[in-house]
Amino acid sequence: MLNRAHGRSPWLLAPALLVGSYQSLAEEVERWKYNMPEGVTPVSQNIHGLHMEMFWWCVGIGVVVFSIMLFSMIFHRKSRGVKPAHFHESTTLEIIWTVIPVVILILMAIPATKSLINLYDTSEADMDVLITGYQWRWKYDYVDEDLSFFSSLSTPREQIEGLAPKGPHYLLEVDEPLVVPINKKIRFLITANDVIHAWWVPALGVKKDAIPGFIKESWTIINEPGVYRGQCAELCGRDHGFMPIVVDARTEEDYRAWLQEKQAAAAAIRELTSKTFTFDELYARGEEVYNRSCAACHQVNGEGIPGTFPSLKGVGVAVGPIDHHIDVVVNGVKGTAMQAFGPQLSEVDIAAVVTYERNAWGNNMGDMTQPIDIYNHKQGN
Amino acid sequence: MAHGPAKGIARWLYTTNHKDIGSMYLWFSFAMFLLGGVFALVIRAELFQPGLQIVDPNFFNQMTTMHGLVMVFGAVMPAFVGLANWMVPMMIGAPDMALPRMNNWSFWILPFAFAMLTSTLFMEGGAPNFGWTFYAPLSTTYAPPSVTFFIFAIHIMGASSIMGAINIIATILNMRAPGMTLMKMPLFVWTWLITAYLLIAVMPVLAGVVTMMLMDIHFGTSFFNAAGGGDPVLFQHIFWFFGHPEVYIMILPAFGIVSAIIPTFSRKPLFGYASMVYATASIAFLSFIVWAHHMFTVGMPLAGELFFMYATMLIAVPTGVKVFNWTATMFKGSLTFETPMLFSIAFVILFTIGGFSGLMLAIAPADFQYHDTYFVVAHFHYVLVPGAIFSITAAVYYWLPKWSGRMYSEVMGKTHFWLAFIGLNVTFFPMHFSGLAGMPRRIPDYHMMFADWNMISSIGAFLFGGAQVLFLYIVISTIVSGRKATDKVWENPEGLEWTVPSPAPYHTFSTPPEVK
Ligand SMILES: [Cu+2]
């Protein structure tokens with residue numbers, strides 16, 4: 001039912017109602033997401049409870065006030081020949097409708113305060129994950145496990161541009177989800193590398209701003225295994241709408257197995273650094289890296305966006321000395337959107353993307369660089 | 001002393017007449033309203049379906065930014081200043097504003113500010129694309145070059161607002177007719193007096209924050225840059241110290257307007273005049289100590305979080321008092337439903353709904369789920385569109401016969417009302433749902449689970465936009481060919497403005513009236 005290339009027309013609801021078949025109606029209601037999810041953590045369930053409580057208070061007050069207004073609008077019309085009354089003041093009434101709301105507010109504030117105190121208790125965590133927002137992807141650092149990786153949108157461009165049908169998790173899917181164990185208190189340490197982002201997963205009830213230069217804390221305990229999806233919630237530039245979050249909660253065992261696999265893969269990448277690649281290998285890998293990490297700004301065709309992101313095609317650094325090119329990619333350009341990719345990409349990937357940029361789009365510089373050169377550059381050699 | 005207006009363009013360029021300047025403010029505001037509306041329709045067109053179809057995400061961000069800036073600073077604020085110009089002197093029995101030359105100046109710098117802001121759309125790198133809240137460092141280190149022009153435009157708008165506010169305060173405090181004591185002033189005058197103080201208090205703060213941005217961008221300071229010892233959250237504190245009172249700047253005069261209209265068409269005096277004044281003053285006071293409720297997710301200390309939550313909840317009390325007073329005014333009245341009354345009743349109901357979602361947003365733990373979603377977008381559009389825009393529209397219908405001497409067509413007015421009312425609800429009500437379901441604001445593309453609500457919102461938005469074109473037509477046709485209005489216009493309206501002929505002569509109250 002989510003497999004639609006386009007949003008189904010809302011007018012389809014009407015026939016569903018007319019046919020009156022209970023089943024299709026129930027399906028429709030299910031399809032129209034209209035409320036906050038209860039979620040899968042004690043915190044999200046608690047927030048959902050508060051939300052519903054507030055909602056019913058508001059409905060109650062609304063019903064009273066709007067009924068009185070409606071009553072006047074129906075029965076106190078001039079067209080019914082009603083003569084207006086003349087009262088225009090009552091201190092008693094004013095006091096009553098000041099005091100009653102205050103009492104209601106106190107009733108609302110008590111559970112909210114309790115909930116907030118609980119939310120702020122980040123002590124005694126079983127594990128820490130450092131989350132860093134980048135334009136426009138997330139980096140996850142398993143602080144005690146010597147493991148870190150980036151997590152970027154994996155929805156193909158064709159789906160976004162309407163050239164292919166949209167998948168079931170359109171815009172809410174990533175190449176590398178954050179995998180965590182269930183029933184463990186996980187502390188999130190949240191920060192950013194460039195602008196402010198916000199890490200938000202509704203089903204966990206966690207939303208925290210990721211602020212460059214500062215680390216903010218939040219936590220969660222997930223009750224059920226499952227895949228939970230969220231999005232960046234603070235405007236962070238062009239691709240703000242395209243930096244989803246996927247949390248994959250697994251049993252302790254499955255989590256351990258995954259961890260080992262990841263650590264082995266990371267070791268293999270380190271191995272690759274000392275290997276020598278052919279031009280074609282680098283070029284092919286570079287194209288992939290470029291489209292994933294660079295094309296958002298410099299564009300797939302290398303022409304950038306005039307005034308904001310420079311063109312790499314036939315001008316500037318990409319057709320200049322190779323050392324400077326490596327330096328720009330590894331260390332970035334301070335004070336601009338061009339970040340330092342040295343800490344973000346592996347040596348292999350940087351060598352590949354530099355090689356690609358120097359030879360793609362008709363640049364044809366004919367030169368290349370090896371992972372070991374990048375390693376040496378990073379070491380300051 | 002009594003003489004008519006100058007002829008030709010000079011009349012408008014050099015005028016110091018409060019009625020001329022009021023009209024210019026209102027026309028300018030309407031032009032900005034249409035421009036900001038076009039920006040909004042670009043947004044809604046892109047969001048009609050999932051996928052990117054019409055604009056590039058960067059341009060989408062420019063649209064959300066420009067829509068917000070133009071509506072807040074170009075449409076709503078100048079409209080209220082225009083109404084103040086027209087009505088405050090007439091309501092307090094003054095011949096003109098206290099500082100007429102400054103009045104001319106505070107209007108005439110506005111078109112330059114907005115010409116500059118709009119021109120950024122054509123600059124290399126595009127217009128500001130960091131949201132109308134322009135959080136640093138997205139608006140500093142990462143901003144397009146046009147940000148400098150944006151800063152300059154904000155400075156000019158701020159100067160205009162401050163001058164307007166000084167003028168209004170000087171007028172109200174010094175130029176009331178004999179016998180017009182403070183507690184006899186119409187509520188519109190009261191609410192504007194308080195609004196003007198808010199403006200003087202917070203516009204300099206806005207000027208300060210954009211100047212700090214300018215320094216960070218061009219002169220190597222690090223106010224908002226952690227690497228240099230600054231703090232991006234500092235920006236948000238300063239911005240919202242301006243921004244929250246700003247929200248009340250856009251709604252207090254609206255309270256004054258409906259407090260004039262509801263009694264007229266209920267044929268019954270306003271209930272609880274004094275409590276209305278005190279409630280307005282309390283709201284103004286509270287508006288200074290709640291700013292961080294826009295920042296519940298930045299990770300403030302628990303004590304701060306609790307303080308701002310409680311203070312924000314408290315605002316519900318004086319706001320509730322106002323709603324109860326309007327309801328009590330209608331109760332046992334003798335009601336008729338002319339266009340201004342329809343807009344005012346819709347104001348009370350829909351503004352209250354916006355107040356409810358505001359109360360929900362005040363609950364900090366729940367705000368962790370609501371923050372920066374379409375639920376917030378629904379909330380502030382429910383307080384601003386039926387709040388500010390409907391009240392301004394009601395005011396135009398209510399006083400247009402006095403300004404122009406001609407009556408609008410009631411059938412047309414009511415058609416406009418129903419189109420706008422339906423359009424507004426169809427546009428903004430579904431946003432509560434898409435927000436709760438998890439759609440973040442300011443995104444150009446979204447998952448299919450939000451598709452249905454977005455399509456409905458987009459249809460509503462075009463309906464609402466169309467209704468405003470009808471409004472333009474109604475106003476013009478009234479001025480050109482409406483039937484003659486009587487001096488009193490309505491059955492038994494209260495206030496000095498109804499004691500002068502329709503249309504109001506170029507100079508009114510050259511000799512002060514006697515107020516009993
Ligand atoms: Cu982001």
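Table for the structure above
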{"item": "Spatially proximal aspartates and glutamates relative to A:Lys114 (Cα-Cα < 18 Å; intrachain offsets below 8 disregarded)", "result": "A:Glu53, B:Glu305, B:Asp367"}
{"item": "Sequence ranges B:424-434, B:114-124, B:386-396, B:27-37, ranked by mean other-Cβ count within 10 angstrom, highest first", "result": "B:386-396, B:424-434, B:27-37, B:114-124"}
{"item": "Loop-located chymotrypsin sites (Phe, Trp or Tyr not before Pro) in the stretch B:214-317 whose Cβ has at most 13 other Cβ within 10 Å (DSSP)", "result": "B:Phe219"}
{"item": "Test item: A:193-200 mean partner chain Cβ contacts at 10 Å", "result": "5"}
{"item": "Label-point gap, in nm, between B:Ala303 and A:Gln45 - each point 7 angstrom along Cα→Cβ", "result": "3.4 nm"}
{"item": "Chymotrypsin sites (Phe, Trp or Tyr not before Pro) lying in DSSP loop within the stretch B:450-516, provided at most 14 other Cβ fall within 10 Å", "result": "B:Tyr506"}
{"item": "Neighbourhood charge, 13 Å Cβ-Cβ cut-off, centred on A:Val201 and excluding it, Lys, Arg +1 and Asp, Glu -1", "result": "+2"}
{"item": "Distant-in-sequence amide H partners of B:Ser334 (H built 1.01 Å from N, under 5 Å)", "result": "B:Arg267"}
{"item": "Reachable aspartates and glutamates from A:Lys378, criterion Cα separation under 16 angstrom, eight or more residues apart if same chain", "result": "A:Asp323, A:Asp327, A:Glu347, A:Asp349"}
{"item": "Rounded tilt (10° steps) of A:91-119 against the dominant C-alpha axis of chain A", "result": "30 degrees"}
{"item": "When the convex hull of its Cα atoms is projected in every direction, mean area for the stretch A:119-262 (nm²)", "result": "8.7 nm²"}
{"item": "Prolate/oblate/rounded label for the stretch A:303-348 (Cα gyration tensor, a/c 1.5)", "result": "oblate"}
{"item": "Ranking of A:Cys232, A:Cys294, A:Cys58 by count of other Cβ atoms within 10 Å, fewest first", "result": "A:Cys58, A:Cys294, A:Cys232"}
{"item": "Span per principal axis, largest first, for the Cα atoms of chain A (Å)", "result": "93, 50, 48"}
{"item": "Cα-projected label distance for B:Ser282 with A:Ser90, points at 7 Å along beta-carbon direction, nm", "result": "1.8 nm"}
{"item": "The stretch B:1-50 versus the stretch B:260-294: alpha-carbon centroid distance in Å", "result": "28 Å"}
{"item": "Unsatisfied cross-links (Cα-Cα over 31 Å) in the set B:Lys184/B:Lys488; A:Lys139/A:Lys334; A:Lys166/A:Lys216", "result": "A:Lys166/A:Lys216"}
{"item": "Label-to-label distance, nm, for residues given as B:Trp27 and A:Leu70 (7 Å Cα→Cβ offset)", "result": "4.4 nm"}
{"item": "Sorted largest first, extent of the stretch A:206-297 alpha carbons per principal axis (Å)", "result": "47, 39, 26"}
{"item": "The protein assembly as shown pair-distance distribution - Cα-Cα, 20 Å bins, rounded %", "result": "14, 44, 31, 10, 1"}
{"item": "Principal semi-axes in Å for the stretch A:47-179 [√(5λ), Cα gyration tensor, largest first]", "result": "54, 27, 11"}
{"item": "Directionally averaged projected area (convex hull, Cα atoms, the stretch B:314-407), nm²", "result": "7.3 nm²"}
{"item": "Per-residue [θ]222 nm for the protein assembly as shown (sum of -39500 (n - 2.57) over DSSP H runs n ≥ 4, rounded to 500)", "result": "-18500 deg cm²/dmol"}
{"item": "Bridge type composition, chain A - antiparallel percent by DSSP, nearest 5", "result": "70 percent"}
{"item": "Peptide B:226-237 - average C-beta neighbours from other chains (10 Å radius)", "result": "3"}
{"item": "Hits among aspartates and glutamates - C-alpha to C-alpha of A:Lys184 under 15 Å, sequence gap 8 or more where chains match", "result": "A:Asp121, A:Glu124, A:Asp126, A:Asp128, A:Asp144, A:Glu224, A:Asp248, A:Glu252, A:Glu253, A:Asp254"}
{"item": "Mean Cα-pair separation over length for chain B, i.e. relative contact order, pairs under 8 Å, 6 or more apart, %", "result": "18 percent"}
{"item": "Debye-sum result for the stretch B:144-236 in log10 I(q)/I(0), which assumes one identical scatterer on each alpha carbon, at q = 0.13, 0.24, 0.26 Å⁻¹", "result": "-0.59, -1.15, -1.24"}
{"item": "Chain B: Cα Rg divided by the 2.2 N^0.38 Å rule of thumb", "result": "0.95"}
{"item": "Tilt relative to chain A, helix A:42-75 - C-alpha long axis, 0 to 90 degrees, to 10", "result": "40 degrees"}
{"item": "Average partner coverage of A:202-208, which counts Cβ from other chains inside 10 Å", "result": "4"}
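Where a number appears in this text, it was derived from the coordinates with a stated rule and is not lab data. Quick caveat: nothing in here was measured; it's all calculated off a predicted structure. FYI the Cβ positions are ideal-geometry reconstructions off the backbone, even for glycines, and counts take in every protein chain you see.
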